[in-house]
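For reference, the structure is listed below as structure tokens.
The values are calculated or read from the model by the stated rules, or taken from the named source; none is laboratory data. Owing to the predicted nature of the structure, the values given are computational and were not obtained by experimental measurement. When we count neighbours, we look across all protein chains shown, and the Cβ atoms used for this are built from the backbone with ideal geometry, even at glycine. For accessibility, only protein heavy atoms count, side chains too; no ligands or nucleic acids. Shrake-Rupley method; radii C 1.70, N 1.55, O 1.52, S 1.80 Å.
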Amino acid sequence: MDAEKSSSSSFEDLSNLNEQERAELASSVPAPAEANEQPATSEQTDKPESEAKATEESESECMDILGNGTLLKKVLKKGRSELRPESKDLVTVSYTGRLEDGTVVEEQSNAVVQIDDVEVVQGLDMALKLMNEGEVAEVIVNPRFAYGELGVKDPTEQDPVIRTVPPNATITYTVELVSMREESDIEARTYASRKEIGNRKRLRGNFWMKRQEYNLAIQSYRRALEYLDDTVSAGGMMESGSAGSVELSTAELQDLLEDRMKVYNNLALAQLKISAHEAALKSVDHVLKCQPNNAKALYRKGKILDAKGDTAGAITLLQKAATIDVDDKLIQSELSKLILKSKREARNERDLYQKMLGQAQKLEQKTKAPPAAQTTESSKIMMWGYLVGTILIGVVGVAMYRYNNP
């Protein structure tokens, strides 16, 4: 037998046996019994049980989703399939959220949630993508991916099921992924469906705006626009239905336009908050293109121009907004501030100009001073020359007189 092979392998190498050795080995091995007569050994009996136990233990372990302990998931009940939801899929979920002391702060039954649209807290949204259909899991969400430093003081219109959540609270969710389905084409949806979903996402954006979660608000507003933007064809906006394509009425089109303008206005504000000035200008211009006298849009654009350093342009827009909505105290207050700011900037600019002009004049005087001193000195020399010359002439005259009259 090859020693090298036997030392590196867990089975015996039979390749070098001769025929007699093979025969002896074959005679020493008992013939296998029939399948129905062979009794199961304890090792064979214990194998499925050990595998089941190992599977159960692996399922009971927590999954560290982000790798830093801020989002943990533990399977409580295995799903009925291996299917998992993907981005934009619609899932039906039931969940209960509890604080560390057991207080229930969130509870929903058979709620429809769209994956990656932050319609639930971020941590739960991320965990849902790692659940199988029919699975029940425990998800522990760190405050960073729940309600953060602000917590939740009171239920809101957007989330009436949320109760008071203290700041920096870790929430443990027990969640069941009841069912899942793909998102249908938005263009194939009815007017009523697009309006309902679009406004729900707009309100979710407002929820994140109030919490100063501006990036999440922008995400919600952009998704709302996908549902509220109309589909225009040569004959106008058409709605698909059981009776075929039906052209929307003027009132329905106007209704969608009003909702869309609300979203663009709020989107511009959220973009302004994160200093995305160019994107904010594009959003607010969508409003002013359709509604040039929209006071809120004029006010928003004025704020954007002010942030970009165009105070004069901002004042012009706010003055127009103030004439359109004379009762808006916020516009009046902001306009007053901008006018004072403009005057202060003008005064500072004037003072700076005068300072620069004064320095220029002093520099000019210093440059001209040496020639002036030189001229004075030359005048003195010339005066002394005249005086000496006069004296010499006098002396010469006296000498000549005495010489002629001894």
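Might you let me know whether the stretch 240-254 holds any residue that is within 31 Å of the chain's Cα centre (by Cα), part of a helix (DSSP H, G or I), buried (at least 17 other Cβ atoms within 10 Å of the Cβ) and modelled with pLDDT under 95? Looking for residues that are within 31 Å of the chain's Cα centre (by Cα), part of a helix (DSSP H, G or I), buried (at least 17 other Cβ atoms within 10 Å of the Cβ) and modelled with pLDDT under 95, one finds none in the stretch 240-254, hence no.
Within the stretch 302-316, being free of Cβ contacts under 8 Å to residues at least 24 places away in the same chain, open to solvent by 30 Å² or more (accessible area, probe 1.4 Å) and more than 13 Å from SER275 (Cα to Cα) holds for ASP310, THR316.
Residue check: is LEU272 buried (at least 17 other Cβ atoms within 10 Å of the Cβ), modelled with pLDDT under 95 and not aromatic (Phe, Trp, Tyr)? If you could, list the steps in order and put the result at the bottom.
Working: buried (at least 17 other Cβ atoms within 10 Å of the Cβ): yes; modelled with pLDDT under 95: no; not aromatic (Phe, Trp, Tyr): yes.
No: the conditions fail for LEU272.
Regarding THR164, is this residue in contact with a helix residue (DSSP H, G or I) (Cβ under 9 Å, 6 or more places away or on another chain), among the polar types (S, T, N, Q), modelled with pLDDT under 95 and open to solvent by 40 Å² or more (accessible area, probe 1.4 Å)? Give the steps one after another, and end with the answer.
On the way: in contact with a helix residue (DSSP H, G or I) (Cβ under 9 Å, 6 or more places away or on another chain): no; among the polar types (S, T, N, Q): yes; modelled with pLDDT under 95: yes; open to solvent by 40 Å² or more (accessible area, probe 1.4 Å): yes.
Judged against the criteria, THR164 is not a match.
Being open to solvent by 10 Å² or more (accessible area, probe 1.4 Å) and touching a residue at least 60 places away in the same chain (Cβ under 8 Å) is a description that applies to ASN266. Say whether the condition of being in contact (Cβ under 8 Å) with a residue 40 or more places away in the chain, surrounded by fewer than 18 Cβ atoms within 10 Å (Cβ to Cβ) and part of a strand (DSSP E or B) is met by at least one residue in the stretch 80-93. Yes, the stretch 80-93 has at least one match.
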